[in-house]
Amino acid sequence: MTAPPPPSPASPPATADTPVIVSAPPPGHRHARRFTDDFSLSALVAGVIAVLTGFTSSAVLMYQAGAAAHLSDLQIASWMAGLSLAIGVITIFLSLRWRMPIVIAWSTPGAALLISSLPGVPYAEAIGAYLISAALIVAIGLSGWTDALMRRIPAAITAALLAGILFRIAIAVFPVVSREPVTLLLMLASYLLAKRVQPRYAIVVALVVGVIAGAAAGHLDFSAVHPQLVSPVFTLPRFSVAATVSIGLPLFIVAMTSQNMPGLAVLRADHYKVRSSTLLGATGFASLLTAPFGAHGVTVAAISAAICTGPDAHEDPRRRYVAAVVAGVLYLLAALFASTIAALIAALPGALVLAVAALALLGSMGQGLADALRAPGEREAALLTFLITASGITVLSIGSAFWGVLVGVVAQAVLGWRRR
């Protein structure tokens, strides 16, 4: 009989001077530490906040896109359920397997893109475009060409694409200010105050204030909201060139540049050495499975991931994975009750939904504009990309996002050649 191996010494918590680098364990490795031993109240709170942040900033965008495309309530609920299920399963599995806070999210820029791109496209063809986008992510992830592909498109162009997509959503709130001036002003004031004191809760505070103001004005009606389990709606995909070019390719570009790359950067910035090929392959494969139920794709989280990977989740980086597991469990619950969540959003006044979406996108849009205009040599091409994308034009049944990227890349090639 062989003696058992000596227990490994406890790892000291990381500090600013001596960061702990957490790596994924080799295949077949079993962790000696148990989840119950690593559980903490701070990780629980971080996981809850991460889910609230994801839903308050993105769920309204999906509802807007579905309503603009005249999808039924069952189809919108199936969309949310498919995304939440994929997010919950991958987040829990990889976080427990790697003992790292691996947080998955739906593509918020992708949902914003669909608000303008989904109307006018047959729903079955949109599903086909989702599948093509997911297949490209799987191929890129498994090939290991992620960084090389992203270098092919100038960073200013991708940043301008994101800013142009979000600009159309954010500016839509201003025409409705005259209908709900008090509610919107109160939401703006509460957002600014919370942003000054506790930036992490700014969107949640604005939403709560908006709901209270709407209730006081008699604009809320929750009589049709009842707890009910989701009923998934399967749609047989069809493929078309127009849908692939106007939805599939732009969805792939914004998912990679605006979600997956920043998400990987967040993990690495907090000293988590992840296998990007496995991570991207998992998100792409999950997107393939859930696309026929309306899900436009899941990606590596960035903003909500930062909540779980930072020291607020736990002082020891090796115990922060608990926050991600908590978030994954909550997403699974959200998948079960997606119909109720969709009904709650539908019961809110349209002006309130627009305001929440606009406020939630301010940070991303501002960062996109700053990145787009930072390099003088790429500024003109980035401005063209931004203007064309924000215009919402459709040429040859292809949406503005594709034309913005195409014109921007061509303009940058011409201007760069002239300088050389």
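The values are calculated or read from the model by the stated rules, or taken from the named source; none is laboratory data. Keep in mind it's a predicted model, so treat the numbers as computed, not measured. Every residue, glycine among them, receives a Cβ derived from its backbone with ideal geometry; neighbour counts consider all protein chains shown.
Considering ARG374, ARG418, which residue is charged (D, E, K, R) and at pLDDT 85 or above?
ARG374
Here are some residues: LEU352, LEU359, LEU344. Which one is under 21 Å from MET80 (Cβ atoms), over 18 Å from the mean Cα position of the chain (by Cα), touching a residue at least 12 places away in the same chain (Cβ under 8 Å) and surrounded by 21 or more Cβ atoms within 10 Å (Cβ to Cβ)?
Residue meeting the stated conditions: LEU352.
Going through the stretch 186-227 one residue at a time, which ones are in contact with a helix residue (DSSP H, G or I) (Cβ under 6 Å, 6 or more places away or on another chain), under 26 Å from VAL45 (Cα atoms) and in a loop (DSSP other than H, G, I, E, B)?
If the condition is that a residue be in contact with a helix residue (DSSP H, G or I) (Cβ under 6 Å, 6 or more places away or on another chain), under 26 Å from VAL45 (Cα atoms) and in a loop (DSSP other than H, G, I, E, B), then PRO227 is the only one that fits.
Between SER133, SER95, which is closer than 22 Å to SER304 by Cα, touching a residue at least 12 places away in the same chain (Cβ under 8 Å), crowded, with 24+ Cβ neighbours inside 10 Å and among the polar types (S, T, N, Q)?
Of the residues listed, the single one that is closer than 22 Å to SER304 by Cα, touching a residue at least 12 places away in the same chain (Cβ under 8 Å), crowded, with 24+ Cβ neighbours inside 10 Å and among the polar types (S, T, N, Q) is SER95.
Among the residues of the stretch 67-87, write down those that are surrounded by fewer than 24 Cβ atoms within 10 Å (Cβ to Cβ) and part of a helix (DSSP H, G or I).
Within the stretch 67-87, ALA67, ALA68, ASP73, LEU74, GLN75 meet the criteria.
Examine the stretch 249-261 for a residue that is of a type outside the set (Lys, Arg) and more than 30 Å from GLY404 (Cβ to Cβ), and state whether such a residue exists.
Narrowing the stretch 249-261 to residues of a type outside the set (Lys, Arg): 249-261.
Next, only the ones that are more than 30 Å from GLY404 (Cβ to Cβ) stay: none.
Checking the stretch 249-261: not a single residue is of a type outside the set (Lys, Arg) and more than 30 Å from GLY404 (Cβ to Cβ).
Being without any contact (Cβ under 8 Å) to a residue 12 or more places away in the chain and either among the polar types (S, T, N, Q) or within 20 Å of LEU354 (Cβ to Cβ) (or both) is the filter here, so list the residues in the stretch 209-241 that pass it.
Across the stretch 209-241, the qualifying residues are ILE212, ALA215, ALA216, GLY218, SER223.
So PRO232 clears everything in (1) assigned to a loop (DSSP other than H, G, I, E, B); (2) loosely packed, with under 13 Cβ neighbours inside 10 Å except one condition, right? Which one?
The failed condition is (2).
Confirm whether VAL197 is under 19 Å from VAL353 (Cβ atoms) and either of a type in the set (A, V, I, L, M) or in contact (Cβ under 8 Å) with a residue 24 or more places away in the chain (or both).
Spelling it out, it is not the case that VAL197 is under 19 Å from VAL353 (Cβ atoms) and either of a type in the set (A, V, I, L, M) or in contact (Cβ under 8 Å) with a residue 24 or more places away in the chain (or both).
So how many residues does the stretch 225-259 have that are closer than 26 Å to ILE341 by Cα, touching a strand residue (DSSP E or B) at 6+ places or on another chain (Cβ under 7 Å) and not hydrophobic (A, V, I, L, M, F, W, C)?
The qualifying residues number 1.
Which residue pairs have Cβ atoms closer than 8 Å, lie 6 or more positions apart in sequence or on different chains, and pair a first residue in the stretch 108-126 that is modelled with pLDDT under 90 with a second residue that is assigned to a helix (DSSP H, G or I) and basic (Lys, Arg)?
Matching pairs, first to second residue: ALA112/ARG168; ILE115/ARG168; SER116/ARG168.
Give me the helices (runs of 4 or more DSSP H) completely within the stretch 268-376, filtered to those with at least 3 residues that are in contact with an Asp or Glu (Cβ under 8 Å, 6 or more places away or on another chain) and over 23 Å from LYS195 (Cα atoms), ordered by residue number.
Those helices (runs of 4 or more DSSP H) span 338-347.
I'd like the full set of residues that are among the polar types (S, T, N, Q) and either modelled with pLDDT of 80 or more or in contact with an Asp or Glu (Cβ under 8 Å, 6 or more places away or on another chain) (or both), limited to the stretch 143-171.
Scanning the stretch 143-171 gives a single hit, SER143.
So, of the residues in the stretch 171-212 that are more than 22 Å from GLY54 (Cβ to Cβ) and of a type in the set (S, T, N, Q), which turns out to be farthest from the chain's Cα centre (by Cα)?
SER178
Is one or more of the residues making up the stretch 148-157 surrounded by 24 or more Cβ atoms within 10 Å (Cβ to Cβ) and either of a type outside the set (Asp, Glu) or assigned to a helix (DSSP H, G or I) (or both)? Lay out the reasoning, then the answer.
Here is the first cut: in the stretch 148-157, the ones surrounded by 24 or more Cβ atoms within 10 Å (Cβ to Cβ) are 156-157.
Right, trim to either of a type outside the set (Asp, Glu) or assigned to a helix (DSSP H, G or I) (or both) and you get 156-157.
So far as the stretch 148-157 goes, yes, one or more of its residues are surrounded by 24 or more Cβ atoms within 10 Å (Cβ to Cβ) and either of a type outside the set (Asp, Glu) or assigned to a helix (DSSP H, G or I) (or both).
Here is a check on your reading of the model: is PRO109 touching a helix residue (DSSP H, G or I) at 6+ places or on another chain (Cβ under 6 Å), farther than 18 Å from LEU289 by Cβ and either polar (S, T, N, Q) or outside any helix (DSSP H, G or I) (or both)?
It is false that PRO109 is touching a helix residue (DSSP H, G or I) at 6+ places or on another chain (Cβ under 6 Å), farther than 18 Å from LEU289 by Cβ and either polar (S, T, N, Q) or outside any helix (DSSP H, G or I) (or both).
Regarding the stretch 227-248, can at least one residue be identified that is more than 19 Å from the chain's Cα centre (by Cα), of a type outside the set (Phe, Trp, Tyr) and over 24 Å from ALA111 (Cα atoms)?
yes
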